[in-house]
Each structure stands twice: as C-alpha cells, then as structure tokens.
Protein chains: 2
Amino acid sequence: MSKVLTKIKDMANNIYQKIIKKRQPQLKSPLRSLTNVKYNPKDGFFELLGKEKIRTLTASSVKTFAQTLRMMALSKELIEKDDIATKREAYYVSKNWEEARFKEQPESDAVMDDMEAMMMVNREQLGFIPEEKGGEVAGKLIVVDKDPDTKREIKIDCTKFGSGAYSIPTSVEHLKFKTDAKFILAIETAGMFQRLVKHKYWKKAKCILVSMGGVPTRACRRFIRRLSDDKKLPVYVFTDGDPYGFFNIYRTLKAGSGNAAHINEYFCVPNARFIGITPQDIIDYRLPTHPLKEVDIKRAKDALKNDPFVQHYREWQKAIKQLVQMKVRAEQQALAKWGLNYVIDKYLPQKLKDSKLWLP
Amino acid sequence: MSKVLTKIKDMANNIYQKIIKKRQPQLKSPLRSLTNVKYNPKDGFFELLGKEKIRTLTASSVKTFAQTLRMMALSKELIEKDDIATKREAYYVSKNWEEARFKEQPESDAVMDDMEAMMMVNREQLGFIPEEKGGEVAGKLIVVDKDPDTKREIKIDCTKFGSGAYSIPTSVEHLKFKTDAKFILAIETAGMFQRLVKHKYWKKAKCILVSMGGVPTRACRRFIRRLSDDKKLPVYVFTDGDPYGFFNIYRTLKAGSGNAAHINEYFCVPNARFIGITPQDIIDYRLPTHPLKEVDIKRAKDALKNDPFVQHYREWQKAIKQLVQMKVRAEQQALAKWGLNYVIDKYLPQKLKDSKLWLP
C-alpha cells in the first residue's frame with residue numbers, strides 16, 4: 001500500500017510546488033474510451049493507446065480540481081487508517097466539504113474514476129470498494145486472509161462449507177492462496193454452482209468452483225485473476241450459449257471492458273478459456289433452445305463490428321455467425337434434458353478433455 | 001423429509017384409486033392471491049383465508065393434470081436421491097416427458113407453485129431450489145451443515161472469514177446452528193455489511209451480521225427465520241429510508257408477500273424490528289437526502305391503501321405519511337456525512353438501545 005501513498009504525496013506535493021511558484025498546476029489522466037484502446041492477445045487485455053486528458057487549474061475548473069484533491073486526501077486517510085469506503089460513502093463524506101461537496105453521486109464517481117486512471121491503479125488499492133458483493137467459492141482452495149483486529153493470518157478452507165460457500169469480499173488485494181487444484185471453473189448461474197457443490201464436483205475434478213452470478217463483479221474478476229496468476233491455474237468459463245454469456249460475461253472476464261481500459265490490466269483473466277455452451281454444442285447435444293431475442297442479435301452484430309476481442313479471434317466470429325444463423329440460444333441448464341447430472345457425468349468431462357471444443 | 005414423501009405417495013395413491021374406480025380424480029390447492037389472505041400479527045405473516053382451487057381431470061385439463069403428476073414424481077425422485085433441481089432445470093427435465101413436456105418455463109413454474117401450495121410446504125422441501133443465491137453471513141455463529149459425501153457434520157465458524165463471509169446455500173432446511181449472539185442484524189447493502197465486517201462490529205455488539213443485498217432471496221429469508229426461531233434471537237433490520245427499504249425489503253422479510261401466501265409461514269420473520277433510516281432520523285441526524293421518485297410515491301400510496309401489514313400498524317402509516325410530506329428519501333450510507341464510522345460509533349448503538357426509535 002505504501003507505494004500508492006507515496007504516489008499520492010508526490011502528486012500533491014507537485015501541485016503544491018507549482019502553486020507556490022505561481023504556476024498553473026495540472027492533473028493528467030489517460031483518455032477513457034474505446035477509441036483509446038487496442039487488444040493485444042499477448043498481454044490479453046484492452047490496453048490504453050496513450051491519449052491523455054489534461055486538467056489545468058483555471059477559474060472554470062477550480063471546483064473539480066479541488067474535489068479531486070479532496071478525494072486524494074480521503075484516499076490517503078483510508079490507506080493510512082486501513083479503512084474502506086464505497087463510492088456512495090465517498091459521495092456522502094463530501095457533504096462536509098462545503099464548497100467542494102458533490103451535488104450528485106455521478107459527479108463524485110467520475111472524479112473517482114479520473115483519480116483511478118491518474119494513479120494507474122485499481123480503486124480498491126486507493127481504499128475505495130465496490131457497492132456490490134459477488135462471487136462465491138467452493139472447492140480445493142485455502143484463502144489466507146488476516147484478522148482485522150489482530151492482523152494475524154486466518155486460513156479459510158473452501159472444502160469445508162458443506163452446501164454453503166465462501167463469499168468473496170469486496171476487496172481482495174490482501175488475500176493469499178494455497179491450493180493443489182488443477183483449474184478454476186467459473187460458472188454463470190448460482191443454480192448450476194449449487195448443483196456442482198451438492199455433488200462435490202470439485203473433489204472429482206480437483207478444481208475450484210466460482211459462482212459469478214451473471215456478469216462478474218470487480219471483486220470476483222480480481223479474485224479469479226489474482227488466484228490464477230499466483231497459482232498458475234487455467235480458468236475455464238461455463239456460461240449459457242448466448243451473446244450475453246459470450247461477451248458480457250466471458251469477454252469481460254477475460255479481456256476487460258472498453259470504458260474501464262485503464263484498469264483492465266488488473267481485472268482481466270487472460271488465461272481464461274470458454275467451455276460453455278457453443279452453437280455447435282446446441283447441435284451436438286440436441287439441446288432445447290429459445291429463439292434469439294432482438295437484443296441478442298443486436299449484441300452479436302455489435303460484437304462482430306466493434307469488439308477488438310472478437311475481431312482478433314476467427315473462432316469467435318465463426319461461432320457468432322453460426323448462432324445468428326441458427327436464430328436460437330441455449331441455457332447451461334438445458335443439459336438437464338438428458339438428466340439432472342448429465343452435466344457432471346458427461347458434459348464437463350468431455351469438454352475439459354478436448355481443447356478442440358473450447359473457444360479462445 | 002419422509003413426511004413430504006408420504007404426502008406425495010398418499011396423493012398419488014388417492015388419484016390412482018379414483019381412476020381404478022372410474023371416478024374423476026381431483027387436485028386441490030389454495031387460491032393464491034391477496035384476496036385470499038389476512039394479516040394476523042400474532043402469527044406474524046399473511047395467512048390464507050381458505051379459498052380453494054380445484055382441478056378435476058377432464059379432457060381440457062388432462063395435460064396440466066399429467067404435468068402436475070410428473071412434477072410430483074420428479075420431486076419424489078429428488079427427495080429419494082437427496083438431489084436438487086432449480087425451477088429452470090425442472091423445466092428442461094420435462095423436455096423428455098413427450099406429450100407432457102412444457103413449452104415455456106412460466107408453465108412449469110406455475111405447476112411447481114401449485115404443487116407447493118397443494119402440499120403446503122415450501123418447495124425447498126420438495127427438492128426444488130431457487131435460481132439465485134443471496135445472503136452473506138459474518139459474526140458470532142457456527143453453522144452446522146453436513147458433508148454431502150460422508151453425511152458427517154461440518155461446523156462452519158462465521159467468525160473465521162476475515163474480510164470475507166459465509167455464503168448462504170440455496171436451500172437451508174438441513175442446517176443447524178450454534179451461537180451465543182444477542183441478535184441478528186440484517187443489512188440492506190453489501191457495502192454497509194463490508195464496513196461492519198471490516199470493523200468487526202459483530203464482536204463489539206455480540207451479534208450475527210447478514211447482508212441481504214437488496215430484497216432478500218428465499219434462502220436468505222428462510223435462513224434468518226430458522227436461525228431466529230431456533231435460537232430465539234431478535235432480528236433487527238437496517239435499510240435505506242425509502243418505501244423500497246420499508247416494504248420491498250423489510251415488510252417482505254417480516255410478513256412475507258401477497259402472491260406467495262401459502263408459504264409465508266416458512267419465510268416470514270415475525271420478530272423482526274425496523275432500525276433502519278426513518279423519516280424522523282432524516283430530521284434528527286440531518287441526513288443528506290434525495291427527492292422521492294414517482295415510483296417511491298406510488299409505492300408509499302399503494303402501501304397505505306392495500307397493504308394489510310401497513311393497515312395494521314399505525315406507526316408505519318405515520319412514518320409513510322411523514323416521508324411523503326417531506327418529499328425526500330435517505331440512504332443508509334448518508335450517515336457517512338458525519339464520518340465513515342459514525343454508523344458504528346453512534347447510530348447503531350443509539351438505535352439498538354432505545355426501542356422507542358424502532359418501527360414495528
């Protein structure tokens with residue numbers, strides 16, 4: 001944490017020196033938009049191209065400038081006291097900043113995003129935590145946390161929760177891991193996760209199960225990333241066979257998202273592979289389907305046209321085109337047509353064994 | 001579980017006997033609507049008035065009748081095998097029922113609801129689990145679960161999760177509890193929960209913290225209810241000060257909901273008390289507010305007019321009228337105006353000490 005503290009102090013000092021010398025202080029941050037990113041499969045995430053936004057202290061920018069400095073001060077305080085604040089709490093704290101208080105939360109959110117980009121760290125490292133929880137874990141993993149009071153290590157054994165699970169905290173920067181698992185399986189729905197937990201699939205397959213519960217939260221993505229990096233574990237992603245599962249869930253987990261490119265570096269999981277329902281699976285497993293919705297088709301076409309990740313992978317282009325042509329989608333639970341535990345006995349073993357069935 | 005099994009077998013046998021005797025078999029279930037409930041504060045939940053829906057086997061009802069019987073058979077199989085199925089999985093299983101298969105999931109959901117009402121048990125007891133997870137727990141509680149393989153007891157100590165938490169499984173019927181906590185604190189947002197966990201509030205206050213993450217899921221409600229019953233613990237509910245927090249969250253937790261009256265008995269938490277943000281708190285604590293939205297005002301007026309729970313409690317009527325008059329709402333994080341940990345150091349202790357500040 002002290003690296004971030006030093007950065008904040010340096011930045012503040014720099015501004016202070018400029019003011020003392022009667023020169024205009026500046027705050028620089030990278031431009032946050034899809035026009036300022038590229039996809040480099042070697043690094044595996046949307047990367048910034050280097051365009052910058054520079055905010056110079058002038059009469060018209062004085063308020064935002066002051067607010068950014070106060071937000072930096074709040075972050076410094078949080079780190080020093082080992083405390084946390086959600087975006088919403090930070091907004092309410094500002095209500096005591098008199099002239100510099102925010103009127104609406106979107107204003108304070110934007111300043112926090114700017115600051116995150118400016119410092120080139122994810123905001124959890126600044127002491128700011130997301131509003132929402134997300135992500136449950138079961139299986140062959142010991143999470144090493146520390147007691148907030150005594151600072152002593154706490155070992156959390158994720159094989160020992162019965163039908164329950166370990167709920168990922170909103171900030172995971174401080175966690176360490178012990179495991180002899182062979183891989184991480186990230187699952188779209190809580191229902192499917194519960195089935196795999198109930199039948200102790202993690203024991204048979206020697207793996208760690210993570211329930212994403214839809215689009216993975218920041219904490220969930222960062223948790224998988226840190227665990228996968230630290231223990232050199234492959235990550236297999238099991239979602240529905242529809243554009244939402246492919247892009248909103250899988251692509252976001254693997255490569256990040258466009259509007260947060262300055263932090264994808266921390267949140268993407270480059271070594272993720274897709275073992276969810278593919279259009280070919282719908283045919284091969286004769287799965288019950290639903291017709292594609294308008295929004296599915298729009299999402300698929302958008303991805304083909306604008307998504308640097310899809311543009312990079314011919315396999316994904318082929319899969320999407322196939323799906324659009326078939327005009328249907330299939331949920332991961334559709335496998336239940338062949339028996340409730342077909343997914344455990346047949347589908348997952350077949351998929352995991354044969355990398356030709358994966359999508360990149 | 002065997003009680004439910006016996007019930008299923010009896011029902012099936014009854015139908016079989018009728019058919020053998022060439023008489024028309026019938027399925028009876030209580031009418032599920034707000035017109036068939038009353039609020040009895042002694043019992044504490046919306047109760048059925050006794051109107052029934054009778055489905056007689058005729059040419060036009062033959063398909064639904066058959067589907068209900070197949071659903072009963074599926075439930076029997078789940079219970080016997082100690083397996084589970086989500087609503088969605090049950091729908092897909094039906095794809096192999098030939099003529100009796102469901103076309104769309106809402107059809108199978110409705111049959112499952114009917115069956116739940118018919119049997120007068122919650123569907124978790126029939127082996128059907130909800131799609132969504134929900135609810136995290138930290139603090140002075142040991143959850144006693146059992147290993148799905150060995151059936152041996154597993155003890156899960158919720159004081160030992162560091163910054164993480166215990167994630168409530170989708171079905172909680174089999175759990176047992178050990179605790180010396182004085183009360184359960186159910187919290188609306190994950191952010192607030194994380195703050196209380198970070199500062200080990202549960203240790204100071206000798207309590208169990210539960211994060212509901214918005215409207216509590218069935219599993220979360222049932223968990224709190226079973227824990228509170230079993231250990232005779234009061235439940236305090238801490239939500240935002242707005243109609244959504246009052247009714248969609250608090251009232252649902254305490255008394256249940258109108259369209260599921262046949263199971264409120266299992267899911268309501270009659271000894272819950274409201275210690276969240278009241279309209280009077282907004283004044284007393286000088287909290288930052290947001291204007292009431294159209295939907296808030298509509299929700300408030302609906303509650304005054306139609307909600308048997310509100311009609312029963314003068315205190316709630318007064319509170320809602322006050323809020324509508326003030327035209328504002330306040331979030332639980334608004335307390336951060338007075339410092340991030342004001343909620344821990346001042347608000348919660350003051351509220352918990354003085355029952356005159358609670359709402360019923």
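The values are calculated or read from the model by the stated rules, or taken from the named source; none is laboratory data. These figures come from a predicted structure and were not determined experimentally. Virtual Cβ from ideal backbone geometry, glycine too; neighbours counted across all protein chains shown. Heads up: the accessible areas ignore ligands, DNA and RNA and are worked out on the full protein's heavy atoms, side chains in. Shrake-Rupley method; radii C 1.70, N 1.55, O 1.52, S 1.80 Å.
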Failed condition for A:Ser228, given (1) over 17 Å from the mean Cα position of the chain (by Cα); (2) modelled with pLDDT of 95 or more: (1)
Any hit, region B:340-359, residues being assigned to a helix (DSSP H, G or I), touching a residue at least 24 places away in the same chain (Cβ under 8 Å), in contact with a strand residue (DSSP E or B) (Cβ under 7 Å, 6 or more places away or on another chain) and within 30 Å of B:Leu48 (Cβ to Cβ): no
Hits in region B:135-164 - residues which are in contact with a Gly (Cβ under 8 Å, 6 or more places away or on another chain) and within 8 Å of chain A (Cβ to nearest Cβ): B:Glu136, B:Val143, B:Asp145, B:Lys146, B:Asp147, B:Pro148, B:Ile154, B:Ile156
Scan of region A:288-314 for residues that are open to solvent by less than 90 Å² (accessible area, probe 1.4 Å), in a helix (DSSP H, G or I) and touching a strand residue (DSSP E or B) at 6+ places or on another chain (Cβ under 8 Å), ordered by number: A:Asp296, A:Pro308, A:Phe309, A:His312
Residue that is farthest from A:Glu131 (Cα to Cα), among those in region B:192-211 that are part of a loop (DSSP other than H, G, I, E, B) and within 11 Å of chain A (Cβ to nearest Cβ): B:Lys200
Residue list for region B:260-280, restricted to those being open to solvent by 10 Å² or more (accessible area, probe 1.4 Å), over 19 Å from B:His312 (Cβ atoms) and either more than 12 Å from the chain's Cα centre (by Cα) or at pLDDT 90 or above (or both): B:Gln280
Residue tally, condition at pLDDT 95 or above, open to solvent by 10 Å² or more (accessible area, probe 1.4 Å) and of a type in the set (A, V, I, L, M), over region B:182-219: 1
Hits in region A:176-191 (condition: at the interface with chain B (Cβ under 8 Å from one of its Cβ atoms), in contact with a helix residue (DSSP H, G or I) (Cβ under 9 Å, 6 or more places away or on another chain) and within 26 Å of B:Thr150 (Cα to Cα)): A:Gly191
Candidate set: region B:320-341, residues that are open to solvent by 10 Å² or more (accessible area, probe 1.4 Å) and more than 10 Å from every other protein chain (Cβ to nearest Cβ); chosen: the one farthest from A:Lys95 (Cα to Cα): B:Lys321
Pairs where the first residue, in region A:128-149, is without any contact (Cβ under 8 Å) to a residue 60 or more places away in the chain and the second is assigned to a strand (DSSP E or B) and among the basic types (Lys, Arg), C-beta under 7 Å, 6+ apart: A:Ile142/A:Lys155; A:Ile142/A:Lys178; A:Val144/A:Lys155; A:Val144/A:Lys176; A:Val144/A:Lys178
Among (1) closer than 30 Å to B:Ala272 by Cα; (2) out of contact with any Leu (no Cβ under 6 Å at 6 or more places or on another chain), the one test that B:Lys51 misses: (2)
Residue match in region B:165-175 (condition: more than 27 Å from B:Thr86 (Cα to Cα) and facing chain A (nearest Cβ under 8 Å)): no
Sole exception among (1) surrounded by fewer than 14 Cβ atoms within 10 Å (Cβ to Cβ); (2) within 30 Å of A:Val269 (Cβ to Cβ); (3) touching a Lys or Arg at 6+ places or on another chain (Cβ under 6 Å) for A:Ile8, by number: (1)
